[in-house]
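The structure appears right after this line, and notes come after that.
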Amino acid sequence: MAQTLNDHDNHRRIGISFTEHIAESQHRLSPAARGELTSLLLHLMIAAKIISRETRKAALVDVLGLTGRTNIQGELVQKLDEYADDIIIRNLRFTGHLCAMASEEHEDIIPIPERYAIGNYTLTFDPLDGSSNIDADVSIGTIFSIQRRISDGATGTLQDILQRGKNQVCAGYIIYGPGTIMVYTTGHGVHGFTLDPSVGEFLLSHPDIRTPDEGRIYSVNEGNYYRWDEPTRALIDALKSDRNYRGQSYSARYIGSLVADFHRNLLYGGIFLYPADSKSPSGKLRLLPEANPLAFVIEHAGGLATTGTQRILDIEPRRLHHRVPLIIGSRKDVEYAESHYRGRVLDNAGG
Ligand code: AHM
Ligand code: MG
């Protein structure tokens, strides 16, 4: 039976390496496991360390700026996006642990080349989220989601990638900011590690993260206000005033870099929203590489993630680049948001 750790155990473990943490977790939680997921994550961390190094020196070597091409989302591709995408693919495709990959930067799934072994997992990722902020030296991040393979042919298929978020076996992100931080969960607590560049290892800095039940922060691109529907406008109006379930106005914080906005709210409490609007009627963010992994993390940290009317992790993906409205964060704040879309606004006693 899986053993749980108490606060004392967690405190004692601060500073241990990610390698030790994941080996110890595997032994404690799944003693019969063969270490495939562990190995997969360790290779992903090698890619993260390389991306971290490159983002730090990018300004010096003229990597910043646009490539001049557009990706399949019609957005301008930053040079670092391409670099990060390439590094992740190259560091993971030979491991023998994956049957297919999918990236926000690719129209189709990324097959494992024939010369490498096929494994039991899929990796879906956004190589460098928030990349429009790169040139301003604002925090950016990699988001990842790992699922177990469900097909049984010679190679992985789109079906392996298009699974509901609740089937994820591991999800997380890496932030390249003032420090490089990695947060992940395999469904047994959410843990944060900070890269110590002097030893080249991620060291446990935030064991067993629990997000506050309610926060004081709302994070949304309010420039879209006049494109929102009535429930969204009413919700944001309520959060800015004291006419919400807490009877206190919230503070606005919006970086425009999902991983950084999410991470701040995870630690401090609060709510992040990218709702549908008249320009993006399905929302802007992608279900598979963005909403699902962050929803998996927030739920395991005690929070919630919804479209307003449906739990993110229950959505059946219709295609690789399926977009969804995303409302994510502290449990009571997300429930309060949902009450607007359900037409039953919670009053001061709600939540
Ligand atoms: P990207 O994956 O192309 O970087 O786009 C996603 C980003 C998120 O990081 C962020 O939350 C959002 O787009 C910001 O969008 P906007 O500029 O419309 O507020
Ligand atoms: Mg993105």
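Assorted remarks:
- Candidate set: the stretch 82-100, residues that are more than 16 Å from ligand 2 (Cβ to nearest atom) and hydrophobic (A, V, I, L, M, F, W, C); chosen: the one surrounded by the fewest Cβ atoms within 10 Å (Cβ to Cβ): Phe94
- Flag for Ile181 being within 14 Å of ligand 2 (Cβ to nearest atom), farther than 25 Å from Arg318 by Cα, of a type outside the set (S, T, N, Q) and assigned to a strand (DSSP E or B): no
- Check on Tyr245, farther than 28 Å from Asp137 by Cα, touching a residue at least 24 places away in the same chain (Cβ under 8 Å) and among the aromatic types (Phe, Trp, Tyr): yes
- Subset of the stretch 102-121 [more than 16 Å from ligand 1 (Cβ to nearest atom), crowded, with 22+ Cβ neighbours inside 10 Å and free of Cβ contacts under 8 Å to residues at least 40 places away in the same chain]: Ile110
- Restricting the stretch 116-156 to residues that are β-branched (Val, Ile, Thr) and closer than 19 Å to Thr185 by Cα, the residue that is nearest to ligand 2 (Cβ to nearest atom): Ile143
- Residues within the stretch 204-239 that are part of a loop (DSSP other than H, G, I, E, B) and away from ligand 2 (no atom under 16 Å from the Cβ), tallied: 13
Rule-based calculations on the coordinates, nothing more; no lab input. Owing to the predicted nature of the structure, the values given are computational and were not obtained by experimental measurement. A quick note on method: Cβ atoms are made from the backbone with ideal geometry, for glycine too, and the neighbour counts reach across all protein chains shown.
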